[in-house]
């Protein structure tokens, strides 16, 4: 097994670690709950939609609103997945509260902008469909 630079002894990656596992702050290994896959999908889809908005493609605004709804839902679905990390609630709650707050605020701002902005209405002829 390879040694991590500067590691006294042990092997790297640690036994039991693979592409479907993650280490928490304490160094415990736990299986990935799928959050990485979903988050990765949302990022890639967001880039695709941003390109569609930039190029003024048909249904770009509707796709952006659908992605916003998915991200908003993921904000709440991801809460119980955080507790599978092995960390205690006192360690997790500040980050969860911050994430939910940021998710709600960003959803409200962007969704209302895409629904009612005069600039969106002037740029995308099918903005309301």
Q) Going through segment 97-124 one residue at a time, which ones are under 15 Å from the mean Cα position of the chain (by Cα) and either modelled with pLDDT under 90 or closer than 18 Å to residue 49 by Cα (or both)? A) 106, 107
Q | Pairs, first on the phi > 0 side of the Ramachandran plot in segment 80-95, second modelled with pLDDT under 85, C-beta under 7 Å, six or more apart | A | 86/24; 86/28; 86/30
Q: Filter segment 96-129 down to the residues that are surrounded by 13 or more Cβ atoms within 10 Å (Cβ to Cβ) and in contact (Cβ under 8 Å) with a residue 60 or more places away in the chain, then identify the one that is nearest to residue 67 (Cα to Cα).
A: 127
Q. Quick one: would you say residue 36 is touching a strand residue (DSSP E or B) at 6+ places or on another chain (Cβ under 8 Å), under 19 Å from residue 95 (Cβ atoms) and either part of a helix (DSSP H, G or I) or modelled with pLDDT of 55 or more (or both)?
A. yes
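The values are calculated or read from the model by the stated rules, or taken from the named source; none is laboratory data. Computed from a predicted model, the values in this text were never measured in an experiment. Cβ atoms come from the backbone with ideal geometry, glycine included; neighbour counts cover every protein chain shown.
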